[in-house]
1. Run the numbers for residue 184 and residue 95: contour at 0.36 nm per residue of separation, minus the present Cα-Cα distance, in nm.
2. Return the lysines within reach of residue 179: Cα separation strictly under 29 angstrom, same-chain partners fewer than 8 residues apart disregarded; answer none if there are no such residues.
3. Within the set 36/108; 27/99; 8/36, which residue pairs have Cα atoms separated by over 22 Å?
4. Explain nothing, just the number: relative contact order of the chain, from Cα pairs under 8 Å at least 6 residues apart, as a whole percent.
5. Provide, as a two-decimal number, the C-alpha radius of gyration of the range 162-297 over 2.2 N^0.38 Å, N being how many residues it has.
6. Given a 10 angstrom Cα cut-off, can you work out which residue in 167, 28, 225 is the most mobile in a GNM of the chain?
7. In Å, the Kirkwood hydrodynamic radius of the chain over pairs of distinct alpha carbons?
8. Please list the radius of gyration and Dmax for the range 8-135, considering alpha-carbon atoms only, with Å as the unit.
Amino acid sequence: MTGVETQKVLIADDDPINRQVLAELLKPEYTVLLAKNGEQALERAARHTPDLMLLDVMMPDLDGFEVLRRLRADPVTAGIAIIFISGLDRPEDEANGLKMGAADYIAKPFNATVVMARVALHLQVVRQQRLLAHLAHVDALTGLANRRRFDESFAAEWQRARDNGAPLSLALADIDSFKQYNDHYGHPAGDRALRAVARAAAAVAHRPGHVAARYGGEELVLLMPETDAALARQVLRELADTLAELAIPHAAAVAAPVLTISAGGATLLPGETAADLFAAADAHLYRAKQTGRNRVEWRAG
Ligand SMILES: Nc1nc2c(ncn2[C@@H]2O[C@H](COP(=O)(O)OP(=O)(O)OP(=O)(O)O)[C@@H](O)[C@H]2O)c(=O)[nH]1
């Protein structure tokens, strides 16, 4: 989320005057999209995924309540915030709209200042929700995907690989002698080194669907969908090469005088669970550590 993009508001109302009045009101601050009936509202919502919809309740054919029901049933549009704008001004109508999951309910005739204030309020809530969702999935120190995001992506990619038979590779990478690095250079320097390794991991995980995540401590994980063992090993070579170029001094290391990683990896075998694949990558990381560090061990097969 950049924070500079204008937010998108879709106005769905069958009355052209209402559409125009609302559009004129919102245009100076937001990107405004228009729909003149329920079908068009659903089509534009799916195509443009607006941040907020002002939805007229009483429209011919598909009314606003039905539009809301259908929006919620489609994962693409389910999260769009809705404000009902309605000629139905009985308390039970308003309660009904809110119970259905609308963020707000404004009775016609509406007051322009109040509409603007409510739109601004709900768009702020949308921004805050996105920020929270973002923070919940990002590691604060490195900016990489965090463990939660990795777990979600891994489960989804494993399922996808199982369904479509495409290769799925997974690698665990761990900085060598990092305890000694911290002891020798201090924890803040350790943090900087960890960030440098994370940047390198993010750079090599640039292919579509690839995820570089901080699994915990100084352990990173690379999830590589649609990637066979040969390509995955190439990605890990690129990571090792990047670290070699960075040549971060590590006087206390056992493997080399610079910061290095050990990595273990595996490519999904038919019938294997996600946990099996993870365990295989972990076992090969252990082997890489045991056999001298600064190397990649990949499961054969
Ligand atoms: N600076 C810093 N250090 C961290 C962070 N997370 C974990 N560590 C350190 O990473 C070190 C991991 O130590 P070990 O698990 O013994 O591993 P190691 O020293 O790298 O040894 P090998 O993996 O066997 O090469 C510990 O000293 C942790 O304090 C962090 O966010 N910042």
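1. Full-extension gain reported as 25.7 nm.
2. Filter leaves 289.
3. 27/99
4. Reported as a whole number, the value is 13 percent.
5. 1.04
6. Taking springs between Cα atoms under 10 Å, the residue moving most is 28.
7. Across the chain, the inverse of the average 1/r is 22.5 Å.
8. Answer for the range 8-135, Rg first and Dmax second: 13.4, 42 Å.
Readers should treat all values here as calculations from the given coordinates under stated rules, not as data from a laboratory. Every value quoted in this text rests on a predicted model; they were computed, and no experiment measured them.
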